[in-house]
Amino acid sequence: MMLALVLPALLATSAAPTSPAHSAMPPHAITAVSALPTDYAQTIAAARAERVKQLTTPNGWLALIGRHLISPGLNTVGTAPDNSIILAAGPPYLGTVTFQNGTVMLTPAPGALLTINDQRIQQPTELIYQGTAPTTVVFDSANFYVMMRGDSLFLRVKDREADRLKNFAGLDYFPLDPTWRLEATWIPFNPPQQVNITNMIGQTTLTPVPGKAVFTRDGRTFELFPIDEGGAELFFVITDLTAGQETYGACRFLSAAPPQNGKIMLDFNQAENPPCAFTPFATCPLPPKENRLPIRVTAGEKNYRGEHH
């Protein structure tokens, strides 16, 4: 059903005129544009429908309602104002979270109804935060888990009744433009370079960069550095001259399949907003200086028209 709704709109906007990039070169000077697959519009429509589905799940980014620093020692948790960690949802006094020697322990308050894996907990319980499956504590319509950013630990809180989730305003895109589907040359770094990446909360981390993608647009050459996140795909954090106007001010995300024969495909029609565009409680990376494009990338996802940051 979602794809049936998205595809006609996508095809309609694809026929609309696009804003030309600022360049002295005429449009026909665009180079390295890849041949368009026959099912291209359908593939993009399906990806965008899936993105809406993921954003609007009860545990998605729109459900995020809190990010709270866990201080060393004992932290009281709940919605009451005298807690050291004040939640936006849940009971007045949920319990205590103790952070000591790298271990986080949750002690439920008397009478608090907390569950982990559908089992009620009433005794002190360790909250695992390393790895891909942190311990998730459920209470009322909300849940939280511990996450690490840099050297700090935070409680990340989500609520399936969050206002941002209920009031999701949909996603807007530039008209589909095949000239923004560009074949780039992949230049690997051996060994990988180390680049400082700063996130939205001011933390800076030295991050490996496995190589760079070099592409041309309107006769000009540009380079993009991907962040190595351990997956098969290349992950780029980018910004351009539409930022803060048509697109989200901080950055957009772009993923690409692994290089083949020294080439990768950069499809800016698939550029999307980071979680920080939808909630102030995400900790998105910001683009390195190499990924601040001095052109207007009039493709991909536009600024969110609902409540954004």
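The values are calculated or read from the model by the stated rules, or taken from the named source; none is laboratory data. As the structure is a prediction and not an experimental result, all values here were calculated from the model. As a convention, Cβ positions derive from the backbone with ideal geometry for all residues, glycine included, and neighbour counts pool all protein chains shown.
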*Only one of these conditions is not met by A133: (1) under 29 Å from the mean Cα position of the chain (by Cα); (2) surrounded by fewer than 16 Cβ atoms within 10 Å (Cβ to Cβ); (3) at pLDDT 95 or above; (4) on the phi < 0 side of the Ramachandran plot. Which number is it?*
(3)
*Would a scan of the stretch 236-254 turn up a residue that is surrounded by fewer than 20 Cβ atoms within 10 Å (Cβ to Cβ) and farther than 16 Å from P294 by Cα?*
no
*L10 is checked against (1) modelled with pLDDT under 70; (2) of a type outside the set (D, E); (3) not assigned by TED's automatic domain parsing to the domain that holds F281 and fails just one. What number does that condition carry?*
(3)
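Taking A112 as the residue in question, decide whether it is surrounded by 17 or more Cβ atoms within 10 Å (Cβ to Cβ), of a type in the set (A, V, I, L, M, F, W, C) and part of a loop (DSSP other than H, G, I, E, B).
Details: surrounded by 17 or more Cβ atoms within 10 Å (Cβ to Cβ): yes; of a type in the set (A, V, I, L, M, F, W, C): yes; part of a loop (DSSP other than H, G, I, E, B): yes.
Yes: the conditions hold for A112.
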*Going through the stretch 234-262 one residue at a time, which ones are free of Cβ contacts under 8 Å to residues at least 60 places away in the same chain and in a loop (DSSP other than H, G, I, E, B)?*
D240, T242, G244, Q245, G249, A250, C251, A257, P258, N261
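Only one residue in G202, G231 is more than 20 Å from A277 (Cα to Cα), assigned to a loop (DSSP other than H, G, I, E, B) and out of contact with any helix residue (DSSP H, G or I) (no Cβ under 9 Å at 6 or more places or on another chain), so which one is that? Break it down into steps so the answer makes sense when it comes.
On the way: G202 fails: more than 20 Å from A277 (Cα to Cα).
When all the criteria are applied, what remains is G231.
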*Cβ-Cβ below 7 Å, separation at least six or inter-chain, first residue in the stretch 142-155 and in the same structural domain as Q100 (by TED's automatic domain parsing) and surrounded by 21 or more Cβ atoms within 10 Å (Cβ to Cβ), second in a strand (DSSP E or B) and charged (D, E, K, R): which pairs?*
A142/K158; A142/D159; N143/K158; F144/R156; F154/R67
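Can you tell me which residues in the stretch 205-228 are outside any strand (DSSP E or B) and surrounded by 13 or more Cβ atoms within 10 Å (Cβ to Cβ)? So that I can check it myself, show each step before the final result.
Applying the first criterion (outside any strand (DSSP E or B)) to the stretch 205-228 yields 218-219, 225, 228.
Of everything in the stretch 205-228, those that are outside any strand (DSSP E or B) and surrounded by 13 or more Cβ atoms within 10 Å (Cβ to Cβ) turn out to be D218, F225, D228.
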